[in-house]
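The values are calculated or read from the model by the stated rules, or taken from the named source; none is laboratory data. All values reported here derive from a predicted model rather than from experimental measurement. So basically every Cβ, Gly included, is an ideal-geometry build from the backbone, and we count neighbours across all protein chains shown. Just so you know, the surface numbers come from the protein's heavy atoms only, side chains and all, with ligands and any DNA or RNA stripped out. Shrake-Rupley method; radii C 1.70, N 1.55, O 1.52, S 1.80 Å.
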Amino acid sequence: MRWYVSSCDDLHGDIELPPNEVIALGRSTETGITDKSVSKLHTLLKFQPAKEVVLCKQLGKHPVIINGEEVAKDMKVRIGLSSVIELIPGKYRYTIQAGRGGKRHLSDSSATTPVKKHQTRPPSKEPAGETVIPCVSRDTGTRDTSHDLSSNTRPGGRVSRELSKFLLAKLECSSSDDTSSSPWILTKDLIVRNSTSKGSSKIAAFDFDHTLVTTKSGRVFPKGPDDWDIMCPGRVHSKLKQLHEDGFKLLIISNQNGIEAKKTTVQQFQEKIDKVVSKLGVPVQVLASPRATATRKPAPGMWIAFEELYNDNVPVDYSNSFYVGDAAGRTAGWDLNHKKRKDFSSSDREFAHNVGLAFYTPENFFLGQAESTQWSWKSFYIPKYIEENLPLVQDSKKLESSKQEMVIMVGYPGSGKSTFCKRHLKSYERVNLDDLKNYNKCVALIENSLSAGKSVVIDNTCPDEASRKRYIEVAKKYTVPVRCFVMNTTIDHARHNNRFRRIAQSGIQVPGIAFNTFKSRFHAPSSSEGFSDVLHINFTPYFAEKHLEELYSMFLGS
Ligand SMILES: Nc1ncnc2c1ncn2[C@@H]1O[C@H](COP(=O)(O)OP(=O)(O)OP(=O)(O)O)[C@@H](O)[C@H]1O
């Protein structure tokens, strides 16, 4: 399969990306770009067929925008098919395409290779600081109002069978309730309203609030159960009717966070959906998530449940299916008039990416407006850490000491402290406030262990001097040296771990405020507090099973 870079603005024919060779994209007679803000060697591209990625390095002094994210000079990123590169923000847009045939030309079939092969400054080895930007659904940046889904290059869904099975087993959801004539199936993790339409390989899936319905009052959140209206009614009605006639199964996939937050009830949601579905006048299946487990978008649980339980065992044709949602990560002023507020998140776009569906915004899908390229992913995206391969600890310092000691861990909730202690300080007594419930019990366990000659590790967040001092005092009493291990995990990464713990291990999800509290209290530990050494621990991912790594590598929200 050959890969190409295509000008979205039809500036010239497609440029083939030769495998494992570096080419430059920039100002040249061949590209026709004369704009001085584009350098001659603006962006270097290297197609790596074995990894199915294109490595991009930015050389021009102005940043490029890749999939909505700014990439500064000298930064490298890896991108996939359908990724969009803007050489300068909003201008000279290119997309990565694949094809089996020869070179395609958008406008000039006689175009020669339009950029010079770059010989003098090839990227050296892949840098530690390389960022990975996931490839995106083909809507991004390309003007696509026709929804010709046949050109989607994505081969199929992204979720493996193992992960599907794993998550389905975790979720409380069921395929049917034979004892009831109601279309509703209510379980802890999923609210389902069955439709009369049969399963289909073609799925037209939609978010609910602010995609199919809006509030009558104009508020973001409805004032009450009757504060709703169909979005741009004419367009939505005709589009859904057409899709239904064309054999698409219509599906709503919606987070209903208000239920867990007790702002609304399941019954109120059911009443609203009944009215909306009746007003839409076409059969629509509804799946909604009442709590923040694997069914909460962007996690893939609702889609997995749909595919496995609610599509009459008909396999989904991903080249003919898509998802439309308003949570697209667009920045403020993304519209033509620069008036629109920023999207509250990118969870719809992330959800579509996780499961492998093409993604559209409602403005593009229903109103035919060009997709804005002003967007970015809002959730943490982990593969860059997996690929960075940082050493666990700098300078090959020893983790377990041969002499008795106390280690105090410091790090955000969810930063991986407990996992680290269990894996790397196995012979130490682990003292955890969450397990023991109070400080006195912690001190008792520390004293017992130290007097028995055993090393201890304090596995609490310990953000500031005061929270560490009380443990250092106990160590002093036993004349045992103390080291401090600080987790380098960032706040966003820790939030990601927190979601992963809830989804994969049905563990606790620490409330969001705990992260901000840690951040505001954090005071970097120093040897002046009485530490014989302070070590910085890099988060080093480890997974016992492949499907867990797969889940961890997805967008999970926060
Ligand atoms: N090295 C790792 N590789 C893969 N997953 C990890 C790793 N470290 C932690 N995790 C996952 O991240 C989540 C949080 O990890 P862990 O419970 O160790 O954090 P913590 O800092 O002890 O959190 P808390 O302070 O809230 O108790 C868990 O689901 C865990 O499985």
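Pick from region 431-465 the residues that are outside any loop (DSSP other than H, G, I, E, B) and farther than 16 Å from residue 475 by Cα: which of them is farthest from the chain's Cα centre (by Cα)? The qualifying residue farthest from the chain's Cα centre (by Cα) is 436.
Name the residue that is nearest to residue 512 (Cα to Cα), counting only residues in region 245-270 that are modelled with pLDDT of 95 or more and crowded, with 19+ Cβ neighbours inside 10 Å. By that ranking, first place goes to 255. Report yes if residue 57 is open to solvent by 70 Å² or more (accessible area, probe 1.4 Å) and of a type in the set (Lys, Arg), otherwise no. Against the criterion (open to solvent by 70 Å² or more (accessible area, probe 1.4 Å) and of a type in the set (Lys, Arg)), residue 57 does not qualify.
Per-residue answers, yes or no, for (1) free of Cβ contacts under 8 Å to residues at least 60 places away in the same chain; (2) part of a strand (DSSP E or B):
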{"position": "211", "(1), (2)": "no, no"}
{"position": "226", "(1), (2)": "yes, no"}
{"position": "237", "(1), (2)": "yes, no"}
{"position": "252", "(1), (2)": "yes, yes"}
{"position": "272", "(1), (2)": "yes, no"}
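So, residue 521, is that one open to solvent by 20 Å² or more (accessible area, probe 1.4 Å) and closer than 24 Å to residue 329 by Cβ or not? Criteria not met by residue 521. The residue pairs whose first member lies in region 414-436 and is at pLDDT below 95, whose second member is more than 6 Å from the ligand (Cβ to nearest atom) and part of a loop (DSSP other than H, G, I, E, B), and whose beta carbons are closer than 6 Å, counting only pairs six or more residues apart or on different chains, are 433/460.
Quick check, is residue 521 over 30 Å from residue 450 (Cα atoms), in contact (Cβ under 8 Å) with a residue 12 or more places away in the chain and among the basic types (Lys, Arg)? It is false that residue 521 is over 30 Å from residue 450 (Cα atoms), in contact (Cβ under 8 Å) with a residue 12 or more places away in the chain and among the basic types (Lys, Arg). Of the helices (runs of 4 or more DSSP H) lying entirely inside region 278-397, those containing at least 1 residues that are closer than 22 Å to residue 498 by Cα, open to solvent by 40 Å² or more (accessible area, probe 1.4 Å) and aromatic (Phe, Trp, Tyr) span 383-388. Among the residues examined, residue 32 qualifies as open to solvent by 10 Å² or more (accessible area, probe 1.4 Å) and over 17 Å from residue 61 (Cβ atoms). Restricting the first member to region 495-510 and to residues that are open to solvent by 50 Å² or more (accessible area, probe 1.4 Å) and more than 8 Å from the ligand (Cβ to nearest atom), and the second to residues that are of a type outside the set (Asp, Glu) and assigned to a helix (DSSP H, G or I), the beta-carbon pairs closer than 8 Å and six or more apart or on different chains are 495/515; 506/170; 509/498; 509/499; 509/501; 509/502. The residue of region 412-431 that is farthest from the ligand (Cβ to nearest atom), among those that are open to solvent by less than 20 Å² (accessible area, probe 1.4 Å) and in contact with a Cys (Cβ under 8 Å, 6 or more places away or on another chain), is 428. Set side by side, the residues 520, 526 differ, and just one is more than 10 Å from the ligand (Cβ to nearest atom), out of contact with any Pro (no Cβ under 9 Å at 6 or more places or on another chain) and either within 21 Å of residue 408 (Cα to Cα) or modelled with pLDDT of 95 or more (or both), which is 526.
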